[in-house]
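The values are calculated or read from the model by the stated rules, or taken from the named source; none is laboratory data. Small disclaimer: the values here were computed from a predicted structure and weren't measured. Quick reminder, even Gly has a Cβ in these numbers, built from the backbone with ideal geometry, and neighbours come from all protein chains shown.
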Amino acid sequence: MAIIAPSRDSVTTINEDGSRRFIHIASVTGRFTTWRLLVGVAIMVVYAALPWIPINGNPAVFLDIANRQFHLMGLTFVLQDLWVAFFLISGVGFSLFYITALAGRVWCGWACPQTVFLDIVHRIERFFEGDAPARQRLDRQPWTLMKTFRRGGKAITLFVFALLIAHVFISYFVSLPRLYAMMREGPTQHFGAFAFVFLVAGALWFNFAWFREQFCIVLCPYGRLQSALIDDHSMVIGYDVKRGEPRGKKGTEGAGDCIDCHRCVAVCPTGIDIRQGLQMECIGCAACVDACDSIMDKLQRPRGLVRYSSMNGLVGKATKIIRPRIILYTGLMALGALAMTFSLSTLSPATVTVTRMPGVSYILSPDGQVRNQYLVRVQNKRNQPQHFDLRVSAPVPVQVSESTAGLDIPAHGEQLTPLIIAVPRADFRGDFHLEVRAEIPGRGTVFRKNVPFIGPDK
């Protein structure tokens, strides 16, 4: 198999004229490959199962955009609660930085959806076209019926795989029962959803069939950020230069353990040579570790010529886990976790809004009362019916002309009710604020708001 000699001065998968250079990744077996497969299967199972797992009557993850409700692990959020997403998104991003400082690009190599999906893509490709040498020969062959069958079968299978991913993805937004009903009713009945699924599937298919590792190298900013996130104590995959150099075939006098077989290059999904040092394109998948270990086993030499270690560890220095940046990151993560916990504890089981009815600011009734008219909207955020009572408190005697007690609102439902407050003209001494409270029997007040009561000048 022809080996492309990678260079640190250019990207191996891009030719000098800027055109795309395809690399054919050789298959590899070993402990890290096996564990990565198990982790990938677990991630795919979780991804496909979350819309199926019910928690508090809703899927574990259900982003119900149509009804403006978002269900996440038993918690229900409405649009007014989306500020909490700041803590979730920033927490995920900061956790990624924290993990990178400790373990390098373990996310990229083990848990990133791009890596997990491409592992399956490579297996599909090997099923139809064989291992790397066979695929290289197929590239050089003219188009025949057999080549068309192999390439066509691979393309169709990749598109079916992309369609499955896209359907699971849209189920996070419409729920599985609704998705199944939409599929039975036909594309013309739900053209928007139908087009969305095929657009997502088309983008995925383009990624699987052509773009592949270019996403990690060209589009994803994480590879460029890692240089600022890691230090000499962070865990990376590296080559033991002291042990491996100078390179030479087995039996060469004075040669190191590296026999320059290029096996680590042949299995690299981004086409780099790990022996040239830490590089932006390395995603930390450990394929080169398994490949080198298998060669060392055949040569009856110790494993670990290419291994997980820190830059300090590779040159024989001590690796420190507890260091200033880790202490800082830990403190910041603890503060973020406390802030998010406090924010979640303040979320109300209902959303209540009180607005003034359109029209005049106040009404002077013939019976000598000053009236203000409000609209109260109560939205039940729970997946079970709830009973609400509205209470009004004011610094002067008021009359509530419309009954606001006994609002029975169904699960995830809402109700709009008028609230008309009257004050005798003789008791009105000027504008004031009254308090509107929403109460759930047995749970106390879940909402309170001060609203102005307006009347004629004194």
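Within segment 368-387, does at least one residue satisfy the condition of being over 17 Å from residue 439 (Cβ atoms) and free of Cβ contacts under 8 Å to residues at least 40 places away in the same chain?
Looking through segment 368-387, none of the residues is over 17 Å from residue 439 (Cβ atoms) and free of Cβ contacts under 8 Å to residues at least 40 places away in the same chain.
Which one of these does residue 29 not meet: (1) in a loop (DSSP other than H, G, I, E, B); (2) closer than 30 Å to residue 343 by Cα?
The failed condition is (2).
Which of the residues that make up segment 411-432 are exposed (fewer than 13 other Cβ atoms within 10 Å of the Cβ), of a type outside the set (Gly, Ala, Ser) and not in a strand (DSSP E or B)?
If the condition is that a residue be exposed (fewer than 13 other Cβ atoms within 10 Å of the Cβ), of a type outside the set (Gly, Ala, Ser) and not in a strand (DSSP E or B), then 427, 429 are the ones that fit.
Name the residues in segment 205-247 that are among the hydrophobic types (A, V, I, L, M, F, W, C) and more than 23 Å from residue 268 (Cβ to Cβ), would you?
205, 228
Name, by its number, the condition in (1) at positive phi; (2) at pLDDT 90 or above that does not hold for residue 210.
Exception for residue 210: condition (1).
Which of the residues belonging to segment 264-280 are touching a helix residue (DSSP H, G or I) at 6+ places or on another chain (Cβ under 6 Å) and either among the aliphatic types (A, V, I, L, M) or surrounded by fewer than 19 Cβ atoms within 10 Å (Cβ to Cβ) (or both)?
The answer is 267, 274, 280.
Which residue out of 365, 343 is farther than 26 Å from residue 441 by Cβ and over 27 Å from the mean Cα position of the chain (by Cα)?
Unique residue meeting the criteria: 365.
Checking the structure you have, find out if any residue of segment 175-191 is in contact (Cβ under 8 Å) with a residue 40 or more places away in the chain, in a helix (DSSP H, G or I), in the same structural domain as residue 102 (by TED's automatic domain parsing) and on the phi < 0 side of the Ramachandran plot.
Scanning segment 175-191, I find at least one residue that is in contact (Cβ under 8 Å) with a residue 40 or more places away in the chain, in a helix (DSSP H, G or I), in the same structural domain as residue 102 (by TED's automatic domain parsing) and on the phi < 0 side of the Ramachandran plot, so the answer is yes.
Results for (1) among the charged types (D, E, K, R); (2) modelled with pLDDT of 90 or more, shown as yes or no for each residue.
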site: 189; (1), (2): no, no
site: 215; (1), (2): no, yes
site: 227; (1), (2): no, no
site: 232; (1), (2): yes, yes
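Just need a number here: residues in segment 265-291 that are farther than 18 Å from residue 24 by Cβ and part of a loop (DSSP other than H, G, I, E, B).
Result for segment 265-291: 7.
Restricting to segment 437-457, name every residue that is modelled with pLDDT of 85 or more and in a strand (DSSP E or B).
Within segment 437-457, 450, 451, 452, 453 meet the criteria.
Exactly one condition in (1) surrounded by fewer than 18 Cβ atoms within 10 Å (Cβ to Cβ); (2) closer than 30 Å to residue 291 by Cβ is not met by residue 129; state its number.
(1)
Hey, could you check segment 378-410 for residues that are among the hydroxyl-bearing types (Ser, Thr, Tyr) and assigned to a loop (DSSP other than H, G, I, E, B) and say which is modelled with the highest pLDDT?
Among those residues, the one meeting the criterion is 401.
Looking at 42, 5, 26, which one is under 24 Å from residue 126 (Cα atoms), of a type in the set (Gly, Ala, Ser) and touching an Asp or Glu at 6+ places or on another chain (Cβ under 7 Å)?
Result: 26 is the single residue among 42, 5, 26 that is under 24 Å from residue 126 (Cα atoms), of a type in the set (Gly, Ala, Ser) and touching an Asp or Glu at 6+ places or on another chain (Cβ under 7 Å).
For residues that are closer than 14 Å to residue 103 by Cβ and either small (Gly, Ala, Ser) or outside the structural domain of residue 241 (by TED's automatic domain parsing) (or both), tally how many sit in segment 276-320.
5
Checking the structure you have, find out if any residue of segment 182-194 is hydroxyl-bearing (Ser, Thr, Tyr), more than 20 Å from residue 272 (Cβ to Cβ) and touching a helix residue (DSSP H, G or I) at 6+ places or on another chain (Cβ under 9 Å).
Yes.
I'd like to verify a number: residues in segment 226-248 that are in contact (Cβ under 8 Å) with a residue 12 or more places away in the chain, among the hydrophobic types (A, V, I, L, M, F, W, C) and out of contact with any strand residue (DSSP E or B) (no Cβ under 9 Å at 6 or more places or on another chain), how many?
Residues in segment 226-248 being in contact (Cβ under 8 Å) with a residue 12 or more places away in the chain, among the hydrophobic types (A, V, I, L, M, F, W, C) and out of contact with any strand residue (DSSP E or B) (no Cβ under 9 Å at 6 or more places or on another chain): 2 in total.
Within segment 30-45, does at least one residue satisfy the condition of being under 28 Å from residue 130 (Cβ atoms), among the hydroxyl-bearing types (Ser, Thr, Tyr) and in contact with a helix residue (DSSP H, G or I) (Cβ under 6 Å, 6 or more places away or on another chain)?
Within segment 30-45, one or more residues are under 28 Å from residue 130 (Cβ atoms), among the hydroxyl-bearing types (Ser, Thr, Tyr) and in contact with a helix residue (DSSP H, G or I) (Cβ under 6 Å, 6 or more places away or on another chain).
Do we have residue 231 as within 25 Å of residue 34 (Cβ to Cβ) and not hydrophobic (A, V, I, L, M, F, W, C) here?
no
For segment 299-319, indicate whether the set of residues that are part of a helix (DSSP H, G or I), within 30 Å of residue 433 (Cβ to Cβ) and not small (Gly, Ala, Ser) is non-empty.
No, segment 299-319 has no match at all.
Exactly one condition in (1) small (Gly, Ala, Ser); (2) within 29 Å of the chain's Cα centre (by Cα); (3) over 30 Å from residue 84 (Cα atoms) is not met by residue 359; state its number.
(2)
Hey, among the residues in segment 192-225 that are of a type in the set (D, E, K, R) and in contact (Cβ under 8 Å) with a residue 60 or more places away in the chain, which one's nearest to residue 150 (Cα to Cα)?
212
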